[in-house]
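Below is one structure, written out as C-alpha cells; comments come after it.
The values are calculated or read from the model by the stated rules, or taken from the named source; none is laboratory data. These figures come from a predicted structure and were not determined experimentally. Glycine gets a Cβ as well: all are built from the backbone with ideal geometry, and neighbour counts include every protein chain shown. With ligands, DNA and RNA removed, areas are computed over all heavy atoms of the protein, side chains included. Shrake-Rupley method; radii C 1.70, N 1.55, O 1.52, S 1.80 Å.
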Protein chains: 2
Amino acid sequence: MSAVNPFDVPQDSPFGPDNLPYGVFSTGGGARRLGVAYGDHVLDAGAAARATGAAGELAGLLEAPSLNALLAAGRPAWRQARAEVAGWLTEPGHRAAVGPCLVPRDEVALHLPFEVADYVDFYASEHHASNLGRIFRPGSEPLTPNWKHLPIGYHGRAGTVVVSGTPVVRPCGQRKAPDEAVPSYGPSRRLDIEAELGFVVGAPTPLGSRVALQDADRHVFGVCLVNDWSARDLQSWEYVPLGPFLGKSFATSLSPWVVPLDALTHARVEPPARDTELLPYLDDGGVRPPAGLDIALEVRLNGHVVARPPFSAMYWTYAQMLAHMTVNGAALRAGDLFASGTVSGPERDSRGALIELTWNGREPLALPDGTGRSFLEDGDEVTISATFPGPSGTRLSLGEVTAVVQPPAP
Amino acid sequence: MSAVNPFDVPQDSPFGPDNLPYGVFSTGGGARRLGVAYGDHVLDAGAAARATGAAGELAGLLEAPSLNALLAAGRPAWRQARAEVAGWLTEPGHRAAVGPCLVPRDEVALHLPFEVADYVDFYASEHHASNLGRIFRPGSEPLTPNWKHLPIGYHGRAGTVVVSGTPVVRPCGQRKAPDEAVPSYGPSRRLDIEAELGFVVGAPTPLGSRVALQDADRHVFGVCLVNDWSARDLQSWEYVPLGPFLGKSFATSLSPWVVPLDALTHARVEPPARDTELLPYLDDGGVRPPAGLDIALEVRLNGHVVARPPFSAMYWTYAQMLAHMTVNGAALRAGDLFASGTVSGPERDSRGALIELTWNGREPLALPDGTGRSFLEDGDEVTISATFPGPSGTRLSLGEVTAVVQPPAP
C-alpha cells in the first residue's frame, strides 16, 4: 500500500480520470491481466470487476489476459466498460472494494496490450513524404502522383511488433550504396526511427464489406504510440518494386497503453485543408466530428529532445486510412493495427525520423554530450511520448514507447 | 460406409500412402478436426490417435482443431506423426480400429488448414519478373538491379487468406489509366490470378535469430497451393513507392491440403544455374539436398487449361526465401505462410498470371466457348492444381485451389 491515497488523482494528471488507457500487466512473473492506468497506479480491471460485482459479460471481457476480447465486443461494450471503470475509480462508495485492486505502476511489468492481427503502416504526413521525395528524387515533384488521392499504405510484420522496453537488435542484411557495384552483407549502418501513432481496430468486419468514413469510430478502439524502426540502407536496396520488407520487419515498438478514442474528444481538430479533390469514399468534408487529432509527440534520443512532431499536421486522418484499407472488401479483425507513418510537421525540429532531421545524414544532430548523430548507434535509447488536450485545459498522456539499440548477435 | 475398401489405395493414387497431406475438415456443420487425405477418404487424425492408443503428446497435437499445434511442435514431431499415420493406414492390424475414422472425402467440408500468422509473398520467378519488366518498362532492363541478389518479397494481409472454394468478390478501389488525368472509383477492370506455391512455417524462432539455408527444413512444415488474386489496375496506381496493398489484400486463396516436405523427397531438383554471385547467406551451391522442387502446376479457367507453370524453373528456392526473410532477425511463428510469387516458366503457356498470358491484355486468351479473356469476368472459375513425382515413377497431388469470381456488393 503506497503512502499516498491512490484514488487521489487530480484531473490534470497525465493518467487522470479522463484518460483511463488500457494495458496488460503482470506482477512478480505472474499471469497477464488487463489493467487501466490511473495516476501512479494500475487498476487490475478483472479483479475490480469481480470486487464490484460487475455484470458477467463485462467481467468476462475484463478478466481476459489481453485486450482482444474487449476489442471484438464493439463500441457499446467499450463505452460501458469505460463508464464502469471510471465509476470504480472516482465514486467513493467503491473505494473499499477497488482499493486492493490498485497496484503501484512501478511494481508492474507491462506487456503487449493486444495480440496484433494484421499490421498496416501508412504514409500519411505530407511533410514526411515531401521531405523523402526531396532527399531521394531531387529535381522531381516531391510527392508521387497518387499521394494526394489516397493514403498510401502497406502491410508490415505483425509477429515482430514488440512492447516498449524490448531491446531492438540492429538488423543485418544487404546494403548497397549508389557508388558500390554489388551489395555487401552486414549490420545496418543507417538505423533510424519513425515516430508514429498506431490505431487499434476493435469490431471486426466480414470479407467483402467496407467501412465508410462516418463509421470509422465503430471500429477503431483507440490509439497508441509506435516506433517503426527502419534500416534505411536495407530498405533503399530492397524496396523497388514491392516496397519495404527487411528494412522494417525486424522490430516495431508499441507503447503499453492504448488510449480509447473516447478519451480523445477534446483533441479532435479539422485536418489540413485539402488541395486535391477526393473521391467520395475519402471525402471527409461533411463528416462530423472531424478526425484530425491534436496530439503532440516528442522524440528523445538519450534523454535529449530531438523533435516535437505535431499529429495535427497529418494530411490523412485515421478515418480515411480505415475507409481506404477496407474499400476493396478486406476484412478487419480485432487486433488489427494500423499506424500513421512518420509524423512530421513543417518545421525542421518537428520531423519524426532521423533521415529527415539530419537530411539523409548530411547534417548530423549535435547531442549535449558532444557527440553527433546521423543515424542510431548501438546503446542509443529512443523514447517517443505524446500528450493531448483533455477537458478544461488539462493535458493527458499517451505514455511512451522506448527502446535501446543493441548490437547484432555475432 | 463406401462400397470400396477405403484402405485399398494404390501407391500411384494422387493421395496415396506416400503423400498424406494434412487439412482441417468438418462434417454436418460440426466441429473442425484435423484430417489426412488418403485416396478418396479423409482420416480423422484425432479419432485415429485415440482409436489406436497413440501416445498422449502426439494425440494432443492431432486432436487440435487446426494444424498450428503440430506446426509448432517441430520436425521430430512431424516425422513421428507422419510415421504413425502411415502405419495406421497401411498396417492391416490397425484396420479394425482405424476404419471408422475414415470419412468419404465428398462428405466433408474443408477449412483453412491453419491459422495464418504472417503472410509474405515473394517474387521468385525470373520469367515472371522479366515479363512484367518488359510489359511495364519496355526498353529498360527487365529485372531491377536487386533481383538477382536477393529474393524480393513483401508482407500481405494474413486476415484475408481464405480456403479454396470461398468465392472471391471483385474488389473496388481507385483506378487510373495512364491517359486519365485523375483516378476514378469502381470495381477492378483488370482482375487477375497468380498461381503460386505456399510454404507453411512450423517451428518458430525467437526475435533476433536467423535461419541458415541448411536449417530451412527444420522450420518449413510443408507446401500448399496459393492463388494470389491481383487487381492490376488498383495495384498499378497505388504501388509506388511502398508496394502492393489493396490490389492484393481483398483475398488470397489457399488449397485445403498441406503436403509435408517429407512427401516431396523425390521432387527435389537443382534450381536453375545462378549467373550472379550470391552473398554467403543465400549461396546454396553446397547445400544438400537441393531445395529446388519439380512440381508441375496447372491453371484452369472455366475448366479449360490455360497454363502449365513448372515450379522447377523458379530462380529462388524456399530455403533462400526463408534465409532471407530472417536474416534481419525477424522472428518466425507457427502458421507463418510465405508464397513463391507467380510461377512462370519460359514458354508462353507456362505463365502463371493472365497479365503475362495475355501480355497485359493485348493478346486475349481464346476459350473453347468462343469467348476471349484479357482479365477475369464475373462468374469465372479459376482452379490451380499441381502434381509432383513420388517414389517409383508415381505422381502425387497437391490437390487444388479453386474459386469463382463474384460481382461486388452494390
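Couple of notes before you dig in:
- Between copies, the label points of B:Glu115, set 7 Å from Cα on the Cα→Cβ line, lie 0.3 nm apart, reported in increasing order to one decimal in nanometres.
- Rounded to the nearest 20 debye, dipole of chain A from Cβ charges on Lys, Arg, Asp, Glu: 500 debye
- Remark: accessible surface ordering of B:Leu110, B:Leu34 (largest first) is B:Leu110, B:Leu34, probe radius 1.4 Å.
- Potential lengthening of the chain between B:Ala31 and B:Ala55 amounts to 6.4 nm, from the contour at 0.36 nm per residue minus the alpha-carbon distance.
- Whole-Hz ³J(HN,Hα) from phi, Karplus 6.51 cos²θ - 1.76 cosθ + 1.60, for segment A:237-251, glycine and proline x: 7, 9, 7, 9, x, 9, x, x, 9, 5, x, 10, 7, 6, 5
- √(5λ) per eigenvalue of the Cα gyration tensor, segment A:274-314, largest first, Å: 32, 11, 6
- Our estimate of slack between B:Glu270 and B:Ser184, defined as 0.36 nm per intervening residue step minus the Cα-Cα distance, is 26.3 nm.
- Once you reduce segment B:277-346 and segment A:138-187 to the center of their Cα atoms, the two points are 23 Å from each other.
- For segment B:230-254, a decrease in accessible area of 10 Å² or greater in the assembled protein chains relative to the isolated chain, with a 1.4 Å probe, applies to B:Trp237, B:Glu238, B:Tyr239, B:Val240, B:Pro241, B:Leu242, B:Gly243, B:Pro244, B:Phe245, B:Leu246, B:Ser249, B:Phe250.
- The Cα-based radius of gyration of segment A:1-157, divided by its Kirkwood radius, gives an Rg/Rh of 1.15.
- Helix-only [θ]222 nm of chain A, DSSP H runs n ≥ 4, -39500 (n - 2.57) each, per residue, nearest 500: -4500 deg cm²/dmol
- Segment B:1-66 versus segment B:375-390: alpha-carbon centroid distance in Å: 25 Å
- For segment B:18-25, Karplus couplings with θ = phi - 60° (6.51, -1.76, 1.60), whole Hz, Gly/Pro x: 9, 9, 6, x, 9, x, 10, 9
- Note on A:Arg218 and A:Thr371: the model spin-label points, each 7 Å out from Cα along the C-beta direction, lie 5.2 nm apart.
- Largest-first principal axis extents, alpha carbons of segment B:119-406, Å: 50, 42, 36
- Magnitude of the charge dipole for segment A:233-352, about its Cα centre and with charges confined to Cβ atoms of Lys, Arg (+1) and Asp, Glu (-1), is about 240 debye.
- For the protein assembly as shown, the ratio of Cα radius of gyration to the globular rule of thumb 2.2 N^0.38 Å stands at 0.96.
- Segment B:164-265 - Kirkwood radius from inverse mean 1/r over Cα pairs (Å): 16.2 Å
- Pairwise FRET efficiency - B:Lys148 versus A:Val404, Cβ, R0 = 41 Å, nearest 0.05: 0.65
- Extension gain for the segment A:Arg95 to A:Gln11, taken as residue separation times 0.36 nm less the Cα-Cα distance, is 28.5 nm to one decimal.
- Scanning chain B for the beta carbon that comes closest to the axis linking it by rotation to A yields B:Gly243, 1, distance in whole angstrom.
- Using a 1.4 Å probe over protein heavy atoms, the accessible area lost on pairing A with B, summed over both chains, comes to approximately 5300 Å².
- Global form of segment B:22-111, assessed from the alpha-carbon gyration tensor, a/c cut-off 1.5: oblate
- Using a probe radius of 1.4 angstrom, the carbon and sulfur fraction of the accessible surface of segment B:240-399 is 51%.
- 10 Å Cβ neighbours from other chains, averaged over peptide B:144-150: 5
- Between the beta carbons of A:Phe136 and B:Arg79, assuming R0 = 41 Å, the FRET efficiency works out to 0.25 to the nearest 0.05.
- Label-point distances for A:Pro104 to the equivalent site in the other copies, using a point 7 angstrom along Cα→C-beta, read 7.1 nm when ranked shortest first.
- Intensity falloff of segment A:76-118 expressed as log10 I(q)/I(0), Debye formula with alpha-carbon point scatterers, at q = 0.14, 0.23, 0.31 Å⁻¹: -0.52, -0.95, -0.99
- Entry note, chain A: relative contact order of 21 percent, from Cα contacts under 8 Å with a spacing of 6+ residues.
- Where GluC sites (Glu not before Pro) in DSSP loops with at most 11 other Cβ within 10 Å are excluded, longest remaining stretch of chain B: B:1-179
- Among A:Asn302, A:Leu110, A:Gly153 the positive-end extreme of the charge dipole of chain A (Cβ point charges): A:Gly153
- For segment A:325-344, a reduction of at least 20 Å² in accessible area between the chain on its own and the assembled protein chains (probe 1.4 Å) is found at A:Met325, A:Val327, A:Asn328, A:Ala330, A:Ala331, A:Arg333.
- Alpha-carbon Rg/Rh ratio, for segment B:186-340, with Rh computed the Kirkwood way: 0.98
- Net charge in the neighbourhood of A:Glu141 (other residues with Cβ under 12 Å of its Cβ; Lys, Arg +1, Asp, Glu -1) is +3.
- Inter-copy separations for A:Glu381, label at 7 Å along Cα-Cβ, nm, ascending: 6.3
- To put it simply, the accessible area of segment B:22-111 at a 1.4 Å probe is 52 percent carbon and sulfur.
- Accessible area per residue, Å², chain A with all protein chains present, probe 1.4 Å: 35 Å²
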